[in-house]
Amino acid sequence: MIFTERIRSNVQIALDTLRANKLRSSLTILGVVIGVATVMTMAAIVQGIKDQIVRTLEIAGPTTFYVVKVFSNTPVNPDRLPKWIRVRPDLAQAEADRIKLLPEISYAAMWGQAIGRLSYEGQRTQQMLIMGADDRYMEIQGGELLDGRWFTQAELASGANVAVLDENAARKLFANEAPLDKMIRVGGRPSRVIGLYAQPGNIFSPPGQEIGAIVPYKMLDYQFTIDKTNALYIPVKPKKGVSTAEAQEAVTIAIREMRGLRPADKNSFDLITQDQILDTFNKITGVFFLVMIVLSSVGLLVGGIGVMAIMMVSVTSRTREIGIRKALGATRREILFQFLVEAATLTGFGGVIGILVGLAFGRIVTLLMNIDAGVPVTLTLIAVLVSVSIGVIFGMLPARRAAGLNPIDALRYE
């Protein structure tokens, strides 16, 4: 109880010091605010994107995986492919059909992507992704069909010029006009709108390349140029009760047989699981986040030096006060504790402001990115602890100086 009362009393003294030197104190804690705010902003963005990736992967199911020509953390240049990629065959429709017939597999299809503008009567969008898929697209990607329908089997088989339009793209083209049965141009090709789709936030699409329309894969294959290295893949969904490992083994054997690979030959294709996608994201954001922490630590260091400076000034200006307290019986430990609490309060106050500023900026950025971001609770607690620790570490020198003052010399100080 006495210890709690001492802390409360010392915190009150620290707050009085802040109020007495508002400008000096504000400049001192500015470095702490900037450092903590930077970390919290990045943490909010990274956490929001990660949560959305997890939700997206959960829609497809934990066992769903993808067959691709090559798996790379970053897209490779299709015009400058290394030899080991060039010698790999492109994925073929026959391979998707073969996988679909496997007893372990409930779904497999060829999907692809192209880039183009959508236009309607003088209105047009920016460059957007055009997805070539089938009528089970929503089963893998999630989202909701707001109006209309998906493709019929006849439309899929013939590659008919029909499109399910993303709701945001439809709003840009039609405003308040109903889009169904309207003829638009998808990447310059005439297409009839048969459906309106609301997709979950597509965190895999870079800014400025949102999905604008989904068309039958054969339409995309017949009428568009597809980057068959980066933008062609086969989503595979195992049957219920079949593990990812079992399904992958069956798919691997089937494709190797179709490609005539011998036992000693390496696979000429890659399989991507949900865990690999999440792991790749963690590696990319981990490096990015580490850079942000290093940069923000400079701000924290500046703030810590500022705290040390203001505490040294405080010790000098309060020398007589320290002498009086020692004369009245205050021990060296009590003086040391008082100034450490003051320093920790100073940086803790800056840390709280930095957290609020960082979370606010993070929220604004995630809203602009259409990402539903939560509060990184663990990192918030760590940020408070770090900011207080900075006050204790950098406040140690001035606190020791104050505690070491001779009471007689301190009382004589003018």
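Read-outs throughout are calculated quantities, based only on the coordinates presented, and are distinct from any laboratory measurement. Remember, it's a predicted structure, so these values are computed and weren't measured experimentally. A quick note on method: Cβ atoms are made from the backbone with ideal geometry, for glycine too, and the neighbour counts reach across all protein chains shown.
A Cβ-based charge dipole, computed about the Cα centre of segment 70-268 with Lys and Arg at +1 and Asp and Glu at -1, lands at about 580 debye.
Extension gain, ALA309 to MET183: 0.36 nm times the residue separation minus the Cα-Cα distance gives 38.3 nm. Lysines within cross-link reach of LYS283: Cα-Cα under 24 Å, excluding same-chain residues under 8 positions apart? Within reach: LYS50, LYS69. With a Förster radius of 22 Å applied to the beta-carbon distance between THR152 and SER268, the computed FRET efficiency rounds to 0.05. Over all alpha-carbon pairs in segment 132-222, figure out the percentage whose distance exceeds 19 Å. Of all Cα-Cα distances in segment 132-222, 35 percent exceed 19 Å.
Measuring spread by the Cα atoms of segment 70-268 yields a radius of gyration and Dmax of 18.0, 60 Å.
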